[in-house]
Amino acid sequence: MNHKGISNPSLVLLLCFTCILSSQIANVWYSVNGERLGTYNGHTGAVWCVDVDWDTKNVLTGSADNSCRLWDCETGKQLALVETNSAVRTCGFDFSGNIIMFSTDKQMGYQCFLNYFDLRDPQQIEDNQPYLSLPCSESKITSAVWGPLGEFVIAGHENGEINQYSAKSGEILKVAKEHTKQINDIQSSVDLTMVISASKDCTAKLFDSTNLEHIKTFKTERPVNSAAISPIMDHVVMGGGQEAMEVTTTSTRIGKFEARFFHAAYEEEFGRVKGHFGPINCVAFHPDGKSYSSGGEDGYVRIHYFDPQYFDFELEA
């Protein structure tokens, strides 16, 4: 199960968006009480990615049914459909909500593409023609986020590379080769100045968004599927675990499916949270930094609220 939590600044509630690979449906929930608010019905394949624009007006989803779809967040009505030649692996709105990007998988004889559409030009959607389409022939994109001001997209690849792709020219602006295996997830800090990458090489790494300078490394013993940066503390949370085919019934007893907390400056682990009985696929902090959520292979999204002591904790240097 994958998820993405997004808060509307004008509302007190937080909505949690989930996509369950086996159900082909994206869901939206109230995070306060776990009540399901609604679903976005239309995909005929596993939903790999979901994003929401800044004011929680529109939802964007990408699926293995070779399509990327735009929805009205409140009504669940499908607003636009973009058909592709292969599965859509990542998708996202820029900071304005006017430009969308999504990447397609390298499969069935088709190579990976990173596509940009301007929603202010309905003709692009109608003609199924992005204003910019970038081939990624060497290694497919496995995760991507927008950089500051929507000037570029930061994409992680199957070979461990992280690239900056200009949203205007399509040029590769910066390249980082710090990871040795596939990038599973990339997430931004709340101010978009930093990104954190999670990789199969058992590490998560912190980068400067502008120049992709490597800042910090957080090491574990198992593949890292997702990592997130706290909006109020110098903390990062990481989740992962074994590949599904390697999971045994003893894994939960020896702590392989815990969310792990590291100090962002000292790179030291200071806490773990149990709960999932399968690998963690995704983690995300609440925008106010007072809780975090995790989605796992076990089919559950768990929301944890931090104790008061968490905010007073200081790691001894």
- Would you please list the contacts, defined by Cβ atoms under 6 Å and residues six or more apart or on different chains, that run from a residue in region 20-33 that is part of a strand (DSSP E or B) to a residue that is surrounded by 17 or more Cβ atoms within 10 Å (Cβ to Cβ) and at pLDDT 85 or above? 26/40; 26/47; 26/50; 26/61; 28/17; 29/16
- What do you reckon, is residue 75 outside any strand (DSSP E or B), farther than 20 Å from residue 155 by Cβ, without any contact (Cβ under 8 Å) to a residue 24 or more places away in the chain and of a type in the set (Ser, Thr, Tyr)? yes
- Message: Could you check region 105-145 and list, in sequence order, the residues that are within 25 Å of residue 187 (Cβ to Cβ), open to solvent by 50 Å² or more (accessible area, probe 1.4 Å) and not in a strand (DSSP E or B)?
- Response: 106, 138
- Query: If the Cβ limit is 9 Å and pairs must be 6+ apart or interchain, which residue in region 289-317 that is over 20 Å from residue 266 (Cα atoms) and without any contact (Cβ under 8 Å) to a residue 60 or more places away in the chain pairs with which residue that is part of a helix (DSSP H, G or I) and hydrophobic (A, V, I, L, M, F, W, C)?
  - Reply: 290/311
- Item | Residue in region 146-166 that is nearest to residue 93 (Cα to Cα), counting only those that are of a type in the set (A, V, I, L, M) and surrounded by 20 or more Cβ atoms within 10 Å (Cβ to Cβ) | 153
- May I ask you to say which residue of 181, 200, 205, 140 is touching a Cys at 6+ places or on another chain (Cβ under 6 Å) and within 30 Å of residue 257 (Cβ to Cβ)? 140
- Where in region 147-208 are there strands (runs of 3 or more DSSP E), lying fully within it, with 2 or more residues that are in contact (Cβ under 8 Å) with a residue 40 or more places away in the chain? 152-157, 162-166, 183-188, 194-199, 203-208
- Query: Which one is most open to solvent (accessible area, probe 1.4 Å) among residues in region 254-267 that are part of a loop (DSSP other than H, G, I, E, B) and farther than 16 Å from residue 187 by Cβ?
  - Reply: 266
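Matching residues to (1) touching a Gly at 6+ places or on another chain (Cβ under 9 Å); (2) surrounded by fewer than 16 Cβ atoms within 10 Å (Cβ to Cβ); (3) of a type outside the set (Lys, Arg):
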site	(1), (2), (3)
180	yes, yes, yes
185	yes, no, yes
189	no, no, yes
197	yes, no, yes
200	yes, no, no
- Item | Qualifying positions in region 63-76 - open to solvent by less than 10 Å² (accessible area, probe 1.4 Å) and within 13 Å of residue 24 (Cβ to Cβ) | 63, 67
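Let's see how each residue does on (1) touching a Cys at 6+ places or on another chain (Cβ under 9 Å); (2) touching a residue at least 12 places away in the same chain (Cβ under 8 Å); (3) part of a strand (DSSP E or B):
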residue	(1), (2), (3)
65	no, yes, no
69	no, yes, yes
82	yes, yes, yes
97	no, yes, no
- Hey, can you tell me all the residues within region 145-179 that are among the β-branched types (Val, Ile, Thr) and within 28 Å of residue 292 (Cα to Cα)? 145, 153, 154, 162
- Task: Out of 79, 60, 13, 37, report the one residue that is open to solvent by 20 Å² or more (accessible area, probe 1.4 Å), among the hydrophobic types (A, V, I, L, M, F, W, C) and at pLDDT 95 or above.
- Result: 79
- Message: Against the condition open to solvent by less than 10 Å² (accessible area, probe 1.4 Å) and closer than 26 Å to residue 196 by Cβ, how does residue 91 come out, does it pass?
- Response: no
- Task: Kindly establish whether residue 132 is out of contact with any Cys (no Cβ under 7 Å at 6 or more places or on another chain), of a type in the set (A, V, I, L, M, F, W, C) and modelled with pLDDT under 95.
- Result: no
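One line per residue, one yes/no per condition, for (1) over 16 Å from the mean Cα position of the chain (by Cα); (2) over 21 Å from residue 304 (Cβ atoms); (3) at pLDDT below 95:
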site: 167; (1), (2), (3): yes, yes, no
site: 185; (1), (2), (3): no, no, no
site: 189; (1), (2), (3): no, no, no
site: 219; (1), (2), (3): yes, yes, no
site: 242; (1), (2), (3): yes, yes, yes
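The values are calculated or read from the model by the stated rules, or taken from the named source; none is laboratory data. Quantities reported herein were computed from a predicted structural model and do not represent experimental measurements. For neighbour counting, all protein chains shown are included, and Cβ atoms are generated from backbone atoms with ideal geometry for every residue, glycine included. Heads up: the accessible areas ignore ligands, DNA and RNA and are worked out on the full protein's heavy atoms, side chains in. Shrake-Rupley method; radii C 1.70, N 1.55, O 1.52, S 1.80 Å.
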